[in-house]
Amino acid sequence: MISYADVEVGTALPAQTFPIERGDLVRYAGASGDFNPIHWNERFATSVGLPNVIAHGMYTMAVVARVVTDWAGDPGAVVEYAVRFTRPIVVPDPDGAVLAVAGVVSAKRDDGLIDVDLRATVGGQTVLAKARAVVRLPAGRSG
């Protein structure tokens with residue numbers, strides 16, 4: 001597990017890519033209770049002006065947060081997380097979409113917390129802006 005002493009401002013988190021397919025959205029709808037048809041029914045989504053089915057915003061946030069939790073080694077290390085949605089993730093069938101996520105330590109606070117700025121893109125286009133996690137890491141060096 002990484003520690004507070006192991007990181008500096010500018011430390012990059014390992015970038016990850018996440019394929020998103022319609023089945024993922026249906027499973028998320030079942031788990032979250034959000035059955036809005038814009039997330040699974042192409043005919044409905046296009047009838048309301050969307051280009052196709054789009055991923056749930058909370059699903060997108062959760063996938064992006066995985067980069068931080070995988071790096072920190074503990075989901076409980078994330079003490080604050082916020083994003084601004086800039087564009088939906090369009091999930092065509094059968095190809096789906098690929099979400100690319102990168103992160104960098106942007107600040108080390110005196111209180112032992114660090115700020116991680118995240119970049120989330122699909123096809124080179126930003127889907128979340130001002131995505132930031134505040135993380136509490138253990139103080140000592142990792143082993």
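In sequence order, the range 41-47 has phi-based couplings of 10, 4, 4, 5, 4, 6, 5 Hz under the Karplus curve 6.51 cos²θ - 1.76 cosθ + 1.60, θ = phi - 60°, and Gly or Pro positions carry x. Inter-label distance, D117 to N41: 4.2 nm, where each label sits 7 Å from its Cα along the C-beta direction.
Can you order the peptides 126-134, 15-23 by their average number of other Cβ atoms within 10 Å per residue, highest first?
Final packing ranking: 126-134, 15-23.
Here the label points at A129 and V9, each 7 Å from Cα along the C-beta direction, are separated by 2.4 nm in the simple model.
Would you mind getting the Kirkwood hydrodynamic radius of the range 104-143 from its Cα pairs, rounded to one decimal in Å? About 11.7 Å, per the Kirkwood formula over Cα pairs. Orientation-averaged projection of the chain equals 8.9 nm² [convex hull of Cα atoms, one quarter of hull surface area]. Given +1 at the Cβ of Lys and Arg, -1 at the Cβ of Asp and Glu and no other charges, the dipole of the chain around its Cα centre is 220 debye to the nearest 20. What the Cα atoms of the range 21-99 give is an Rg and a Dmax of 13.8, 43 Å.
Against the chain, whose longest principal axis comes from its Cα atoms, helix 22-32 is set at around 70 degrees.
Computed from Cα atoms, the angle from the helix 57-72 axis to the main principal axis of the chain rounds to 30 degrees.
Return the calculated 222 nm mean residue ellipticity for the chain, to the nearest 500 deg cm²/dmol, obtained by summing -39500 (n - 2.57) across DSSP H runs with n ≥ 4 and dividing by the residue count.
Mean residue ellipticity at 222 nm (helix-derived): -7000 deg cm²/dmol.
Taking the average, over residues, of other Cβ atoms within 10 Å as the packing measure, peptides 105-118, 60-73 rank 60-73, 105-118 from highest down. Ranked by the mean number of other Cβ atoms within 10 Å per residue, highest first, peptides 41-51, 82-92 order as 82-92, 41-51. Note on the range 10-67: with charges restricted to the Cβ of Lys and Arg (+1) and Asp and Glu (-1), its dipole about the Cα centre is near 40 debye. Here the Karplus relation 6.51 cos²θ - 1.76 cosθ + 1.60, evaluated at θ = phi - 60°, turns the backbone of the range 92-102 into coupling constants of x, 9, x, 6, x, 9, 10, 8, 9, 10, 9 Hz, with x for every Gly and Pro.
Every read-out reported here was derived from the displayed coordinates using simple, explicitly stated rules and does not represent laboratory data. Nothing here was measured: the structure is a model prediction, and the numbers come from that model. FYI the Cβ positions are ideal-geometry reconstructions off the backbone, even for glycines, and counts take in every protein chain you see.
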